[in-house]
Amino acid sequence: MDKMIQDGKGYVTITNDGATILKQTQAQDIEAGDGTTSVVIIAGSLLDSCTKLLQKGIHPTIISESFQKALEKEILTDMSRPVELSDRETLLNSATTSLNSKVVSQYSSLLSPMSVNAVMKVIDPAMATSVDLREIEIVKKLGGTIDDCELVEGLVLTQKVANSGITRVEKAKIGLIQFCLSASKMDMDNQIVVSDYVQMDRVLREERAYILNLVKQIKKTGYALSDLALHFLNKMKTMVVKDIEREDIEFICKTIGTKPVAHIDQFTADMLGSAELAEEVNLNGSGKLLKITGCTSPRKTVTIVNHSNELITSIHDALCVIHCLVKKRALMAGGGAPEIELTLQLTEYSRTLSGMESYCIRAFADAMEVISFQVMLAENAGLNPISTVTELRNRHAQGEKTTGINELVVQPLLVSASALTLATETVQSILKIDDVVNTR
């Protein structure tokens, strides 16, 4: 189900993404990119069990240590299977599982391959142990539909070309300048008083001379630039894009292999990047984009062009699923299978122990069952919760560890394991609190 969130300013967000709803669970979102909602649900169920244990007089330290033992059983690891990044079908199924819970689920056939391709283009599958998702930029452009989304191996800018006459440059040399190509500005307290046309003409000549000097220095780098105004740039066959956002500079530099230049004296040939093609394209009446492709930088980056706010979080989650499989190449069945298996194995393990420890681990197992992940999943799938969960328990008791609600749900081991670990550690931290002091 989706949630509608209204902040203090009246802005409304409709989402089912746990990281959006609960910013407090950023640790899980940073680690795995998904499972944030699971962290909250598991922690809440464990805290409910802790309340009952504390009411029975069991010391918080015993509860915490018992929960840690239950966590260290690594039941989830035992029920997972290894995955190779060359297995494209498995990667697509994993991304599709993530997207199927989103508003854009009907477009999973388009977005899943796009997400997998984006990750595979920025890593070496044979050597990679992690993915820097900052090398995958998601650019939002208003207008168009989700069908218009595309993956670009290069750079995409939403800013328009300043001199509209030049819309295509092949074998482009690209510079990123952070100084003004205009006359120097004076301090606020300074003024120039011009009393006649002779002095005005002198000011204009000085301005032209200053800008001409800038142009000459830029030309030495092999980067052609005109003087004074943008319509002259058009004559010089030079494309200009203004108002680049500061937070985009790092990604631009990585993509085209350039460096930002803060002063004209530092603008040399080695500061330029290059690309096979820089072209402004129309988006079916919904605006324009500048695409820079064929970049020669050794750093591989890709850009996903999308047309929806919800699509950003959906694609991010799909990318994070592939990232999890790169980081920990193991996959496990979903559909309630992990929670059922945790409940059964921890219940069996508690019988081998004695005293308070056995009681606490049994409470941990009961918490996994009380979470009713299986019940919620069955209801959402339109099944009878009681009969479905009963059948799942029986089949897991017979050794079918991967049996879940048959909706072809698979998930990375890293997501489930990190969610369970973070939820347990959160509960252990809360157990250390013995009092609350209110202050003004």
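Derivation of every value follows stated rules applied to the coordinates shown; laboratory data play no part. Small disclaimer: the values here were computed from a predicted structure and weren't measured. Glycine also receives a Cβ, built like all others from the backbone with ideal geometry; neighbour counts cover every protein chain displayed.
Please work out the ratio of the alpha-carbon Rg of segment 75-185 to 2.2 N^0.38 Å and round it to two decimals. All intermediate terms of the calculation are to be shown ahead of the outcome.
On the way: Rg = 20.0 Å, N = 111, 2.2 N^0.38 = 13.2 Å.
Expressed relative to 2.2 N^0.38 Å, the Cα Rg reads 1.52.
Past 30 Å, Cα to Cα: identify those pairs from 56/328; 171/328; 140/242, in the order given.
Numbers: 56/328 40 Å; 171/328 40 Å; 140/242 18 Å.
Beyond 30 Å between Cα atoms: 56/328; 171/328.
How would you rank 342-348, 97-103, 414-420, 72-78, highest first, on the average number of other Cβ atoms within 10 Å across their residues? Can you show the working numbers first?
Details: 342-348: 19.1, 97-103: 20.9, 414-420: 25.4, 72-78: 14.1.
Sorting 342-348, 97-103, 414-420, 72-78 by mean packing, highest first, produces 414-420, 97-103, 342-348, 72-78.
List the extent of the Cα atoms of segment 40-87 along each of their three principal axes, largest first, rounded to whole Å.
Principal extents (largest minus smallest coordinate, Cα): 53, 20, 12 Å.
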